[in-house]
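The values are calculated or read from the model by the stated rules, or taken from the named source; none is laboratory data. Remember, it's a predicted structure, so these values are computed and weren't measured experimentally. Heads up, the Cβs are rebuilt from the backbone with ideal geometry, glycines too, and the neighbour counts pull from every protein chain shown. Just so you know, the surface numbers come from the protein's heavy atoms only, side chains and all, with ligands and any DNA or RNA stripped out. Shrake-Rupley method; radii C 1.70, N 1.55, O 1.52, S 1.80 Å.
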Amino acid sequence: MAAWLVEELKKYPITHGKNVNNSFELVDHLKGFEVRRGEILVSFDVTALFPNVPVTEAVNSLRRHLERKRVPPNQIDAYLLVTKTCMNQNFFSFRGKFYKQTFGLSMGSKLSPLLTEVFMKDFETELAKEKFFPRMWRRYVDDIFAVVKERYLKQTLELLNSRHRTIKFTVEKEKDGTLPFLDLYITRKEDNRLKFGIYRKPTSTDRYITSDSNHFGAQKQAAFHSMVYRLLNIPMERDDYIAEKNRIYYAAELNGYKRCFVEKILRKHEKKKWRKNNTTLEPEKEQHKRISLPYYPKITNTVQSTLRKHGFHVVYKSESTLKDLLCNLKDRIPPDEKSGIYQIPCKDCTSVYIGQTRRKFKIRLREHKNAVDNERANESSVAAHALTQAHCVDWEKAKIIRNVRKASQLNAWESMYISTSDSPLMNEEDAPISSQLFHLTKLITQQNISSTSTDNRMNMC
């Protein structure tokens, strides 16, 4: 419901002059801005913004926003009903217990950023009427760049913290005329205009995906495309430009890339920028359906070229990440409470049963046990096998072999496991989906195993 509502409300964008979406927009606002005598650069930060935004006031702000956009009243009522329903479902679990968030917007809801933005718009509109409100104020979520009179900084901070009991601000002042904000260094020049440089945290190590990492090429280039784009689109003085360019070369070398790797990316972005500045013509964008696949170097190019012929644009994902390996921020769900594709083996032969369940695995397993105990062979293929063959089922080794949360994917995953199984099956019915792709997957897996075995024997030799 929240995802649907966010898409609906995109039709009525929240636009006002005091927010920015990125550092490039901030630079556009600050071009030509002149700092007056007695003014300093500061950054304000809202403490724990999402959990401190009151839901009721945020919903009221949303109503006013939709009324300004002249949305029909009955439609507004429907939007607000969905909003309140979603915001009242702020439940989460921790260490086996369930909790309800009683105040503020939840961090995980897709609606929270939108409601925060509409609330802060009203908040800033009211503040702008006050005497000590800064002459320059640009906010990115909970970080604000501002230019204030130094002697009134204390009064400005008091004003900001007096408007609402839960919205509180902290402040950081410029040092030697320079202030880091987002990924920028903003510096006051002698003529009181502003110049820009690239800011990196002191803890930055310039470590990105290394050249020898098992990632698709576009993923390795992504960080450098971002840095080069920023280099060319943030207006910097010559010394700062050269220093940042050398930093990108250094980062590439540190991660195992040659200098020509960066130069190729640089030429590509320079050409794109030139075309944008000198012509209104744009290459026609082809409409593709996007499909996400795990990256395997030996088969990627073949699969990609085949899918491209059928109008699919392939993007690649890593099968395992450091986050997956090192930590889990949520309570672990016991295996028997998961849903998905499961396997039940026989004790007296090598046969297995492969099935799917949308419910908890332990509930479905209990149904199979009851069918066996009550000799109801027509209710379960497991029971039919046990009764006709006079075999015992190995209930202790029954397990979920693939956790599948989306019901729409169950048939595909079950069909794949049935088609690629090396063991005889108890299943009396064919797989839900019949496709040569499943047999191809099995063939590729066997070839990879065979190739790995050969490599291992060669290494031993």
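Each Lys and Arg Cβ is given +1 and each Asp and Glu Cβ -1; about its Cα centre, the stretch 386-436 then shows a dipole of about 360 debye. Taking 14 Å as the straight-line reach from the Cα of Lys360, the aspartates and glutamates in range (excluding those fewer than 8 positions away in the same chain) are Asp336, Glu337.
Shown for the stretch 32-168: the carbon plus sulfur share of the solvent-accessible area, taken with all protein chains present and a 1.4 angstrom probe, equals 52%. Show me, for the stretch 263-279, the HN-Hα J-couplings you get by feeding each phi into the Karplus relation (A = 6.51, B = -1.76, C = 1.60, θ = phi - 60°), rounded to Hz, glycine and proline as x. Karplus-based 3J(HN,Hα) across the stretch 263-279 equals 5, 5, 5, 4, 5, 4, 6, 5, 5, 5, 5, 4, 5, 5, 7, 10, 8 Hz.
Backbone phi angles across the stretch 405-412, fed through the Karplus curve with coefficients 6.51, -1.76 and 1.60 (θ = phi - 60°), yield HN-Hα couplings of 8, 8, 4, 5, 9, 4, 4, 5 Hz in residue order; Gly and Pro are listed as x. Taking the Cα centre of the stretch 344-384 as reference, the dipole from Cβ charges on Lys and Arg (+1) and Asp and Glu (-1) amounts to some 380 debye. Using the Kirkwood radius over Cα pairs, work out the Stokes-Einstein diffusion coefficient for the stretch 291-376 at 4 °C and 1.567 mPa s, in µm²/s as a whole number. The diffusion coefficient I find is 76 µm²/s.
In this structure the amide hydrogen of Val148, modeled in the peptide plane, comes within under 5 Å of the amide hydrogens of Ile40, Val42, none closer than 5 places in sequence on its chain. Pairs with C-alpha atoms separated by more than 32 Å, drawn from the list Lys69/Lys97; Lys168/Lys338; Lys110/Lys268; Lys189/Lys273, are Lys69/Lys97; Lys168/Lys338; Lys110/Lys268. Applying the Kirkwood pairwise sum to the alpha-carbon positions of the stretch 137-283 produces a hydrodynamic radius of 18.4 angstrom. The string of couplings for the stretch 358-373 from the Karplus curve (6.51, -1.76, 1.60, θ = phi - 60°) is 8, 8, 5, 4, 5, 5, 5, 5, 4, 5, 5, 4, 4, 5, 6, 4 Hz, one whole number per residue in order, with x for Gly and Pro.
Taking amide H positions as modeled 1.01 Å from N, with prolines and chain starts lacking one, the residues under 5 Å from Ile198 and 5 or more places away or on another chain are Tyr185. Between His29 and Tyr199, the contour length at 0.36 nm per residue exceeds the Cα-Cα span by 59.4 nm.
Could you name the lysines whose alpha carbon sits less than 23 Å from that of Lys298, not counting residues in the same chain fewer than 8 places away? The reachable lysines, counting only those whose Cα sits under 23 Å from Lys298, are Lys220, Lys309, Lys317, Lys442. Once the mean of 1/r is taken over each pair of separate Cα atoms and inverted, the stretch 45-146 shows a Kirkwood hydrodynamic radius of 15.1 Å.
Using the charge dipole of the stretch 121-165 (Lys, Arg: +1 at Cβ; Asp, Glu: -1 at Cβ; taken about the Cα centre), state which of Asn161, Phe133, Phe123 has its Cα farthest towards the positive end. Towards the positive end, the residue furthest out is Phe133. Accessible surface for the chain, divided over its residues, is 64 Å² per residue with a 1.4 Å probe. Taking only alpha carbon atoms, the stretch 222-282 gives an Rg to Rh ratio of 1.01, where Rh is the Kirkwood radius. A simple count of charges around Gln343, restricted to other residues whose Cβ falls under 10 Å of its Cβ and scoring Lys, Arg +1 and Asp, Glu -1, yields +3. Cross-link reach is defined here as a Cα-Cα straight distance under 16 Å, omitting same-chain residues fewer than 8 places apart; for Lys175 the aspartates and glutamates meeting it are Glu39, Glu150, Glu190. In this structure the amide hydrogen of Thr166, modeled in the peptide plane, comes within under 5 Å of no amide hydrogen from residues 5 or more places off or on another chain.
How big is the charge dipole of the chain about its Cα centre, in debye rounded to the nearest 20, if each Lys and Arg gets +1 on its Cβ and each Asp and Glu gets -1 on its Cβ?
With Lys and Arg at +1 and Asp and Glu at -1, about 1240 debye.
Largest first and in whole Å, the equivalent-ellipsoid semi-axes of the stretch 234-389 read 57, 22, 16, each the square root of five times a Cα gyration tensor eigenvalue.
May I ask for the net charge around Leu66, where only other residues with Cβ less than 12 Å from the Cβ of Leu66 are counted and Lys, Arg are +1 while Asp, Glu are -1? Result for the neighbourhood of Leu66: +3. The alpha-carbon atoms of the chain, seen along their principal axes, cover 94, 59, 43 angstrom, with the largest extent given first. The helix-based estimate of mean residue ellipticity at 222 nm for the chain, built from -39,500 (n - 2.57) per DSSP H run of four or more residues and divided by its residue count, is -14000 deg cm²/dmol to the nearest 500.
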